[in-house]
Amino acid sequence: MRLFQFLLIFLIGLLILEGVKYVAGLSDYLIPPPNEIITMICQKWRNFLMPALNTLLVAIGGHFLAIVLAAVVAFAARSGSVLSNIVKTAAYNLQAYPVVAIAPLVFIFLGDGLASRLLIATIICYFPLLLNFLGIFSEPVQDVEHFFKQTGRLDSIMEIRIRVFENLDKIITVIAGSATLAMVGTIVAEFLAATMGIGYVIRKALYQNNLAAILSCLLYIGLCSSFYLLSLEWLGKMVKKRLMA
Amino acid sequence: MEISAQNISFGYREAEYPLFENISFRISGPGFYSLFGFSGCGKSTLARIIAGFLEPGAGSISITNLDNILLTYNTERLPGWLSVGEHLAKVVSPRSSRAELDYFVSEFGLSDYVNKKFFRLSMGQKNRANLIRYLVQDFDMLICDEVLANVDEPSRNHILAVIKERFGKDTILFYISHNVEEVCLYSKKIFVIPAYGVTKGRLVEIKGLDTTKKQKEGYGSEKALQATILKVLKAASTGQNPEGET
């Protein structure tokens, strides 16, 4: 369904673009005709699909790192200690900062390889995850925890287990939502300075004013993102189904 | 085994008036005690103060020979990742036994539902499952805050009779309820919080009928029950003690 929705939106976008070209009398050089775009998408699919898959893999890696990091920090900072308050305040303030702006620093220090793309993807989706995890991990589920607290059975593991289970829907939504951010982060990183991935292909196409190639990139990015989101949602459903069975 | 509250006062920060002022009461020795009052009079707040979850604004509570005070309330939930039976088996205390757990499960009518997850149960079944896990813990006093609120009346009566017979001799059961008949039937003493204004001074204390399961089944004195019910309702409505006790 998600894939179909994306294809529909992409098609509508393409039609609008061609409509604007027709109404404004723009040249084929600026906006290529539909047959040229379709040829590019179908015949040179390998030139776009492979970099898009490469980007997807890096995004998945960055996303996974961000989830683990956010969970660990939120776990450590969930109590009302001074450290937890510092972490919470820092997270709230940092998430308001446009993280993409520090991407050049990452490239200066780490070069234009995998590490930079991975790090930028991680930091772009990290803060929304951290803020949500902090909220979930530090909010007691009184009606479930009360018994364990009174009978001395509420250790850290049980506390987190209860809070995660009670907020499973929220966690699945946040993880799926941040997946798009990871994809965005990776593409931005590639567009800025990397030498691999679909962002790099877009950069090259931009320098050549090749709109057909850019549109092809957008299509394959959308397909890969939709596929990743679908997979995450399916995984979330399976986890929930198993726990609720 | 005694709880003695001396001149305790309590008010929520956001409230215009305090809930209690200088109230005193004493619970002495094991048995089935009740706390009765209309909605919003402060029953749950008092329960939380006794259990130590809230500090009174003024006054003191002295507790003697009561090492384990547990408080349970009707909106509590069991963790959702285990079946009811698995959870109960995991939390049964060393004092209690598997046989005792099975006895409660059977007496409370939950035998057919132990393999289900908690969220699949009806409200009444949830109340019963929650109460069972408290009954298999170590406690000297169990405060039950409307724990059977969603259970049908015949089952509730049976459950109360069962827990009174099992725990009424060596522990304090402190039962909070809106149901005047059941508090009158089973309680040794009923503490009544008046419905109007700020509760001041002593809680109204009414002697209950203190029946057991066997007595209840052959219970013939309807008059005594009606008289006690009237006393409790009068105390709850007016704050006066119809028995003239202090």
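We did not get these values from a lab; they are worked out from the coordinates using the rules stated. These numbers come from a predicted model, not from an experiment. Neighbour counts run over all protein chains shown; Cβ positions are idealised from the backbone, glycine included.
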Query raised in the report: Can you list the aspartates and glutamates whose alpha carbon is less than 12 Å from that of residue A:44, not counting same-chain residues fewer than 8 positions off?
Result: A:36
Report summary line: Filtered hits (aspartates and glutamates, Cα-Cα < 19 Å from residue B:234, offset >= 8 within chain) -> B:181, B:182, B:205, B:222, B:243, B:245
Query raised in the report: Taking a 18 Å limit on the Cα-Cα distance, which of the listed pairs A:170/A:240; B:43/B:189; A:149/A:241; A:149/B:117 fall beyond it?
Result: A:149/A:241; A:149/B:117
Query raised in the report: What is the mean number of Cβ atoms from other protein chains located within 10 Å of the Cβ atom of each residue in peptide A:143-152, rounded to a whole number?
Result: 6
Report summary line: The rounded separation in angstrom of the Cα centers of the stretch A:93-156 and the stretch B:49-104 is 35
**Report entry** Average Cα contact separation per residue, the stretch B:67-161, under 8 Å, 6 or more apart, as relative contact order %
**Finding:** 45
Report summary line: Rounded to the nearest 10 degrees, the helix B:153-167 long axis (Cα) sits at an angle to the longest Cα principal axis of chain B of 90
Query - chain B - mean residue ellipticity at 222 nm from DSSP helices (-39,500 (n - 2.57) per run, n ≥ 4, rounded to 500) - result: -10000 deg cm²/dmol
Report summary line: Contact order relative to length for the stretch A:44-244, counting C-alpha pairs under 8 Å separated by 6 or more residues, stands in percent at 31
Query raised in the report: What number, in percent, do you get for the relative contact order of the stretch B:101-246 if the mean sequence gap of Cα pairs under 8 Å and at least 6 apart is divided by its residue count?
Result: 19
